[in-house]
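Asker: This is the structure, below, for whatever I ask next.
The values are calculated or read from the model by the stated rules, or taken from the named source; none is laboratory data. A quick note: this is a predicted structure, and the numbers were derived from the prediction, not measured. Note that we place each Cβ from the backbone using ideal geometry, even for glycine, and neighbour counts take in every protein chain shown. Note: accessible area is taken over every heavy atom of the protein model, side chains too, but ligands, DNA and RNA are not part of it. Shrake-Rupley method; radii C 1.70, N 1.55, O 1.52, S 1.80 Å.
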Amino acid sequence: MDVEVNLRVDGTAQRVSVDIRTTLLDTLRERLGNTSPKKGCDHGQCGACTILLDGRRVNSCLALAVAHDGAEIVTAAGLATDGELHPMQRCFIQHDAFQCGYCTPGQIVSAVAMLREAEAGWPSAVTTDGDGDGGGGGG
């Protein structure tokens, strides 16, 4: 069964018909031609498909498109503005942080989101929780 989904991808409004079982990753790549997020493991483990979904980082291979009708999506390609690379993209280039390059877009998006999360004070696995162990996860 197909349904219409409205997405804003990298600043551009998109309306696309998708099967209700279609992931955001497949919608972006196969239906909208946005190949910035990559299909790696297809199980949410590798992060090659990481996007910003309404400002939060998400493994797009685990999110169904129909569940995010009206969402704002930013891929690594959408981080650049007015022809200028995002500072994180420039840092990856400057410090040769590419490996083979396949997972680089997801790493860049994840790094951008991680810095935003830290700035917002959101805890992570390495957030000091006051008990002196340096981690937020107990122990």
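Asker: Modelled label-to-label distance, A125 and H95, 7 Å Cα→beta-carbon offset: nm?
Answerer: Roughly 1.8 nm, to one decimal.
Asker: 5 Å is the cut-off here: which amide hydrogens, built 1.01 Å from N in the peptide plane, fall below it relative to T23, excluding neighbours closer than 5 in sequence?
Answerer: Correct list: A65.
Asker: With r defined as the distance between the Cβ atoms of V3 and R116 and R0 fixed at 30 Å, what FRET efficiency is calculated, to the nearest 0.05?
Answerer: 0.45
Asker: Ok, one more. Suppose a student asked you for the relative contact order of the chain, using Cα pairs under 8 Å spaced at least 6 residues apart; what percent would you report? Don't skip to the end; give the middle numbers.
Answerer: Numbers: 230 pairs, mean separation 31.8, N = 139.
Answer for the chain is 23 percent.
Asker: Using only the alpha-carbon atoms of segment 15-139, report the extent along each of the three principal axes, biggest first, to the nearest angstrom.
Answerer: 51, 34, 26
Asker: How much mean residue ellipticity at 222 nm does the chain get from its helices, if each DSSP H run of length 4 or more adds -39500 (n - 2.57) and you divide by all residues, to the nearest 500 deg cm²/dmol?
Answerer: Numbers: 2 runs with 24 residues, N = 139.
Mean residue ellipticity, 222 nm, calculated: -5500 deg cm²/dmol.
Asker: Sorted by accessible area with a 1.4 angstrom probe, largest first, how do L25, L64 fall? Present the calculation step by step, with values, prior to reporting the outcome.
Answerer: On the way: L25 0, L64 75 Å².
Highest to lowest solvent-accessible surface, that is L64, L25.
Asker: Here's something else I'd like to know. Specify the angular offset, from 0 to 90 degrees and rounded to the nearest 10, of the alpha carbon long axis of helix 104-119 from the longest principal axis of the alpha carbons in the chain.
Answerer: Approximately 60 degrees, to the nearest ten.
Asker: Here's something else I'd like to know. I need the phi-derived Karplus couplings for segment 57-66: 6.51 cos²θ - 1.76 cosθ + 1.60, θ = phi - 60°, integer Hz, Gly and Pro marked x.
Answerer: In residue order, the calculated couplings are 6, 9, 7, 5, 6, 9, 10, 7, 4, 5 Hz.
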